[in-house]
Every structure is written in C-alpha cells, then in structure tokens.
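K.L.:
Next up is a structure, given as structure tokens.
The values are calculated or read from the model by the stated rules, or taken from the named source; none is laboratory data. Model, not experiment: these values are computed from the prediction. Every residue, glycine as well, gets a Cβ built from its backbone with ideal geometry; the counts of neighbours run over all protein chains shown. The accessibility values were calculated without ligands, DNA or RNA, using every heavy atom of the protein model including side chains. Shrake-Rupley method; radii C 1.70, N 1.55, O 1.52, S 1.80 Å.
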Amino acid sequence: MALGTMTTKYKVLRRISIISMIFLCSSIYPLFSDTGKWVIAAQKFQYTRGQTEGAVQSGVSEMLPSAILENLNRSLQRNVMPDEQLERAIYKLRTERQSLYLQLSSEYKKRDALVIENYSDSKLKSALKTEEKKIKEIQDKIDKNLQDLKEQTDEASRKMELISSHTIRNDEEELSEFEKFHQLFKNIFIKDKSLYTPETIAFYKNDSASLFKPSENAIKAGTTSGTFEKEVVSASINSLIVGSITGYGDYISVSAELFLYPGAKSAGVVTEIGSTNDMELITSSIAMQLLPLITNAMPVELKIEIFPASAAVNSEIYIDDVLQTNDTNNLILDSGVHNIQFISKNYRTAGTSYYYEGNKKYTIQVNFEELKIGNIQIGLKKNIPGEIYANGVKAIPLTDTKSQISIDGNAILGEFIAENGETSFYYIPKKNVFDGSFVKINPKPMDRMTYIDTRRKWMYGAYSVFMLSLIPAFYTDGQFKNKYQLYNKGQIDYDEANKYQLAMNITRGVAIGCGVFWGYELVRYLIAANSVLPQKAKRGPATEFIIADNTNQTNTTEDNSTEKNTIDDGDQQ
C-alpha cells in the first residue's frame, strides 16, 4: 500500500475520533459563549413522602419554582468569586484534555498501523517520524493544559486568601505619591486586577416561566453527577434551583436548594412553611432568602463619624429600619442599596440612601443640625370657629383668631378644621418658622371633593354641549356653501340662499358661545382641582405675637414638645 493511504478500519476510527472531538468542543461552547451573563434556572419541584402526584400537585410543583424566579425578576448582578471562576476553568480544561486524549489515542493507532503496512524502510521511518511529531505536539498540549490547571488553581487560592483576609486595598485609600507612581508601573500591563467579576443575572431562555427539564438518565444519576452536570452546562446554565414539597392538609413545607455549575456545588438550602391558600408568601420568602446566595453579595465596611460630639453621645443609627446595637462606629453590611438614618435628641434627623459596592470601605460623616425650639403663633384673617393643627399637633388657642404651636425648626404643613368638619390646608415655609414668628392664614374650609366633583360634572356637561353645537354649525356651513354656488349659477333665488346664510351665522354663534362656556367651566374645574393645594401662610408683624404668662407658656411648651417628639420618633421608627 502506498504511503498516505489507510485501511478501512483506520478510516472508521478516525471518523469516530473527529466526531468525539466535535461533541466535546461543542459542550464547552455554551459555557463560555455568552460572557457577562450568569444564567439561573429552576426545575420542577418533587413531592416527598411518596405522595401521588395528581394534576393539582403537578401544577403546584411547576408553579412554585417559576414564582420564585419571578420574584427575582429585577436588575441583579452576581459576584463571581475566584473559586467559582476556577470551577469553570477546570471544566473547560478537563473537556479540552478529554479531546486531546482522543486525538492522542488516534495518533497512536495511526502510528501502530504503519508497522503492518508494506512500506520501505525509508518511507516507514519518515512516516513514523511524522506521527511521533504529532504525538509529541499533543502531549505538549496536554502538559500545558495540566500546567494551566495548576497555575489557575494556585491563583484562585491566592485570591480567595486575599478576600478572606480582607487585605484588598480600596481605590479610595490614600496613597503617597511614591506609592501611586510605583503602582502605575507595577500594574501598567495588567488589564484586569479585580479579584471577582460582576456578571448580570439572566433567566434560562430569558423567561422565568421556562423550567429546565433534564433527561430521565440525568435525574436518576442525581444533581451532583457528571451526567446531570453535562446537561446543565450544555444548556448554558450557571445555577439551578431544585426543590422538594411536603404537604400535610392545607399546609406545605417547601425546601429550595441552589446548585452552582460547573462543579455541582450546593450554595445553600432555604425552607419555608405556609398555607396552600397563600403561595405568594411562600415564594416571595424563599426568593428573598435565596437572593444573597444568588448575588453572592460582598460585605462592605462603614466608618461612621458624627458631629458635633454632643449629638454623637445620644445618637441612634437605623439601617433599613433596624436599630444598630453593636459598634456603631464601624459597621459591616452586605453590598447593595441601604437606607441609613441618624437620630439624636434635640437635633434634626439625617439620613441617606446609597448603593454600597462590595469589598470596599466607606466613611460617612454626619453633621447634625440643632433643632430650633420655640413657639410660633398663627392668626386667622377672619374669625371662623374651628381648630388649627400644625404637623398633626393641635395648636393652643390664645384668642378667637390666634393660636400657638411649639416648633422644632421644620417647615409646617397645617390644617384648619371648621366646626362643621370642613377643612382647609396651609403651609408655613421654613424661613418663617422661628421662635416669636407670627403668620396669618385665610382658611376657606369646604368639602373639596364634592366641590371638585361638581365642577368636573359642569365641565364635562359644557364640553358635551359644545360638541353637539358643532353638528348644526358644520351642517349649515356646508349647506350655505352649496346654496351659494347654486345662486351664482342662477339656479335658486336670493331669499333661499340668504336663509341658509342666516342659519349658518346663528349656529356658528351658538357653537362659539358653547365653546366659550366650556372654556370657562374648564378654568373653574382647574381652579377647583388646585384648591386642594395648601395656601402659603403670610408673615405678619412681630408686634402681634402675644407674650403669654411665663409659667403657663413654659408648661405649654414642654407638654406640646413632648407630644411632638413622641410623634416624630414614631414616624422615624
């Protein structure tokens, strides 16, 4: 047989090798084709206790995982840690080694087949040399693959140690000029220095209702088996939620476990118990418990600095409405958006809402503003029997047209309530809220909802009349134009044409009048709708501020101040 030809047996072996390599390479592609996305999926939950799964149970076992994913339907990111990145690299390198091993096996068989061929010594030697070269190239690739595996494993271990030991330097950390210069040249050729990679969380098939359906063989092998892992990775899935349901009467216990692929590692298990009549409570609770596991949130460190010192002594810190009782100068939180409030007695409440990026340190400086304690008096322009309230607190009447309220420096949104229950709102801007201030209001109490509803009915009625008036106006206009042309042609007399002109003018006038009436009612409706806005109190002369008896005034101020502070604290907490 001539050099370069091959036996039928060898052709079959080569085809099998090529097909195997294509299959193995295709299994790598889904895992690394869609960069920047971390795909999460769920599969149908299973009933325990050997319960027979009927139509209802089957619907529940499919509805629960879909509803859990739907509760996660928001803009989320996954912090992919070095160990998770290593699992992906291990899977890719392992698959590559399997492909290279098949190639190596094929080349060895080709080399062995050369011996039984009818080659001359020189041709056989040349052919063997060629095959040995190919074998050496494949062996070098396998060695490089193993070396890459060792290097990536060591690098992942180093990064995880850095993360666990909190030795990562913040970008915001102050460096000397020399350190900055040194870091510039040290990292000038490094493209990516981050220890973890944020990836956007996406649903399997971009639909929370699409469940992953493994084959029967994969289900039998189990979620941690290589067979199951291959199907999950081939579907471009990075994480899978599996679950079990246990039912007793109208109550069920649902357990959901999050697996990460490749690697088939369990990130955690959460369990919730509830009634079958309130599935939303169960699914939302499980979703919220799974959320930190899914996002793999990195902690952040907050350093709190409170000024002045007198405010720091009695300060309280609330994070997401939870009072912090530990060391409030240095706090450790999960990354994400947090609402932080700072409260101190006799100082204005301060707060902030901010997205805190994981694995960083933040310094928050709080400069408390001291409350302006005192009294303000509110006078009525007209003597209308009723009561005045300011920020929900009843004012103390001093005369028939004047009342007093204690203040804390905040702007005041008040309400005047007449004896018949009708109300009128007013607003006192912050610049007019100080001890000894006097302001005047001109309340117009009324049932505003009834008033607005009445004006709206009149406006719509006027609009309807205007639309109806356009019908005869357009009709007579068209008829007049037609009669005018006939008159010019001498087909009708002047009186008949003049009759339609008169009708046109009358209908036009009626339509214009209806339009003006509708515009008038529209303005009245807008004024009525605008009447719900509080009127701005006008500042009056300071000489009208009544200086009450010192004893009575002090007692009144303390009583009202206590009541006001209690309400404020309740609102804040």
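K.L.:
Do any residues in region 449-466 that are more than 29 Å from GLY421 (Cα to Cα) have Cβ atoms under 6 Å from those of residues that are charged (D, E, K, R), where the two are at least six apart or on different chains, and which pairs are they?
P.N.:
Matching pairs, first to second residue: ALA462/GLU521.
K.L.:
Could I ask something else about it? State whether one or more residues within region 300-310 are among the small types (Gly, Ala, Ser), open to solvent by less than 30 Å² (accessible area, probe 1.4 Å) and at negative phi.
P.N.:
Taking every residue of region 300-310 in turn, none turns out to be among the small types (Gly, Ala, Ser), open to solvent by less than 30 Å² (accessible area, probe 1.4 Å) and at negative phi.
K.L.:
Being assigned to a helix (DSSP H, G or I) and either touching a helix residue (DSSP H, G or I) at 6+ places or on another chain (Cβ under 7 Å) or over 30 Å from ASN206 (Cβ atoms) (or both) is the requirement here; does SER66 meet it?
P.N.:
no
K.L.:
Under 9 Å by Cβ, and 6 or more places apart or on different chains, what pairs join a residue from region 95-118 that is over 25 Å from LYS144 (Cβ atoms) with one that is among the small types (Gly, Ala, Ser) and part of a helix (DSSP H, G or I)?
P.N.:
Final answer for the pair search is LEU114/ALA127; GLU117/ALA127.
K.L.:
Tell me, yes or no, whether region 320-332 has at least one residue that is crowded, with 18+ Cβ neighbours inside 10 Å and part of a loop (DSSP other than H, G, I, E, B).
P.N.:
no
K.L.:
Next question. Applying the selection to region 356-379, what residues are touching a Gly at 6+ places or on another chain (Cβ under 7 Å) and open to solvent by 20 Å² or more (accessible area, probe 1.4 Å)?
P.N.:
Across region 356-379, the qualifying residues are LEU371, LYS372.
K.L.:
To continue, here is another question. Mind checking which residues of region 428-442 are of a type outside the set (Phe, Trp, Tyr), under 23 Å from LYS382 (Cβ atoms) and more than 43 Å from the chain's Cα centre (by Cα)?
P.N.:
Of everything in region 428-442, those that are of a type outside the set (Phe, Trp, Tyr), under 23 Å from LYS382 (Cβ atoms) and more than 43 Å from the chain's Cα centre (by Cα) turn out to be SER437, VAL439, LYS440, ILE441, ASN442.
K.L.:
Return the pair list, or none, for Cβ contacts closer than 6 Å from residues in region 421-441 that are in contact (Cβ under 8 Å) with a residue 24 or more places away in the chain to residues that are loosely packed, with under 14 Cβ neighbours inside 10 Å and acidic (Asp, Glu), at least 6 apart or on different chains.
P.N.:
Hits for this filter: GLU422/ASP447; PHE438/GLU544.
K.L.:
Kindly indicate the residue of region 27-58 that is at pLDDT 85 or above and outside any strand (DSSP E or B) and also nearest to THR153 (Cα to Cα) among those meeting that condition.
P.N.:
GLN43
K.L.:
Separate question: Does SER437 satisfy the criteria of being among the small types (Gly, Ala, Ser), under 30 Å from THR197 (Cβ atoms) and modelled with pLDDT of 85 or more?
P.N.:
no
K.L.:
Pairs, please: C-beta under 7 Å, at least 6 apart or cross-chain, first residue among the small types (Gly, Ala, Ser) and in region 478-497, second surrounded by 12 or more Cβ atoms within 10 Å (Cβ to Cβ)?
P.N.:
Taking only residues 6 or more apart or on different chains, the pairs are ALA497/LYS483; ALA497/TYR484; ALA497/TYR487.
K.L.:
With the condition kept exactly as written, say whether any residue in region 47-66 is hydrophobic (A, V, I, L, M, F, W, C), over 30 Å from ILE294 (Cα atoms) and either in contact with an Asp or Glu (Cβ under 9 Å, 6 or more places away or on another chain) or open to solvent by 20 Å² or more (accessible area, probe 1.4 Å) (or both).
P.N.:
For region 47-66, residues hydrophobic (A, V, I, L, M, F, W, C), over 30 Å from ILE294 (Cα atoms) and either in contact with an Asp or Glu (Cβ under 9 Å, 6 or more places away or on another chain) or open to solvent by 20 Å² or more (accessible area, probe 1.4 Å) (or both): present.
K.L.:
Name the residue, out of SER105, SER75, that is in a helix (DSSP H, G or I), small (Gly, Ala, Ser) and either open to solvent by 20 Å² or more (accessible area, probe 1.4 Å) or closer than 30 Å to LYS265 by Cα (or both).
P.N.:
Going through SER105, SER75 in turn, just one is in a helix (DSSP H, G or I), small (Gly, Ala, Ser) and either open to solvent by 20 Å² or more (accessible area, probe 1.4 Å) or closer than 30 Å to LYS265 by Cα (or both): SER105.
K.L.:
Considering each residue of region 214-229, count those that are charged (D, E, K, R) and surrounded by fewer than 18 Cβ atoms within 10 Å (Cβ to Cβ), and give that number.
P.N.:
Total satisfying the criteria: 2.
K.L.:
Return a yes/no flag: does region 203-212 have any residue that is in a strand (DSSP E or B), polar (S, T, N, Q), within 25 Å of the chain's Cα centre (by Cα) and modelled with pLDDT of 90 or more.
P.N.:
Checking region 203-212: not a single residue is in a strand (DSSP E or B), polar (S, T, N, Q), within 25 Å of the chain's Cα centre (by Cα) and modelled with pLDDT of 90 or more.
K.L.:
Looking at ILE188, ILE163, ILE237, ILE168, which is the one that is modelled with pLDDT under 75, surrounded by 11 or more Cβ atoms within 10 Å (Cβ to Cβ) and not in a helix (DSSP H, G or I)?
P.N.:
Matching residue, one of ILE188, ILE163, ILE237, ILE168: ILE168.
K.L.:
What pairs come out if I take residues in region 194-209 that are under 25 Å from LEU86 (Cβ atoms) and acidic (Asp, Glu) and pair them with residues that are in a loop (DSSP other than H, G, I, E, B) and open to solvent by 50 Å² or more (accessible area, probe 1.4 Å) whose C-beta lies under 9 Å away, six or more apart or interchain?
P.N.:
If the second residue must be in a loop (DSSP other than H, G, I, E, B) and open to solvent by 50 Å² or more (accessible area, probe 1.4 Å), the pairs left are GLU199/THR35.
K.L.:
I'd like the residue in region 269-309 that is closer than 16 Å to SER253 by Cβ and in a strand (DSSP E or B) and, out of all such residues, is farthest from the chain's Cα centre (by Cα).
P.N.:
Of everything passing the filter in region 269-309, SER275 is farthest from the chain's Cα centre (by Cα).
K.L.:
A follow-up question, please. Just name the residue that is most open to solvent (accessible area, probe 1.4 Å) out of those in region 116-147 that are of a type in the set (D, E, K, R), touching a helix residue (DSSP H, G or I) at 6+ places or on another chain (Cβ under 6 Å) and within 27 Å of TYR91 (Cβ to Cβ).
P.N.:
LYS141
K.L.:
Same structure again: When both residues are 6+ apart or on different chains and their Cβ atoms are under 6 Å apart, which pairs have a first residue that lies in region 313-333 and is among the β-branched types (Val, Ile, Thr), and a second that is assigned to a loop (DSSP other than H, G, I, E, B)?
P.N.:
Partner pairs satisfying both residue conditions: ILE317/GLN324; ILE317/THR328.
K.L.:
If you don't mind, another one. Going through region 247-262 one residue at a time, which ones are surrounded by 17 or more Cβ atoms within 10 Å (Cβ to Cβ) and farther than 15 Å from SER61 by Cα?
P.N.:
Those that are surrounded by 17 or more Cβ atoms within 10 Å (Cβ to Cβ) and farther than 15 Å from SER61 by Cα: LEU258, PHE259, LEU260, TYR261, PRO262.
K.L.:
Identify, please: which residue in region 408-456 is open to solvent by 40 Å² or more (accessible area, probe 1.4 Å) and of a type in the set (Ser, Thr, Tyr) and is, among those, farthest from ALA528 (Cα to Cα)?
P.N.:
TYR427
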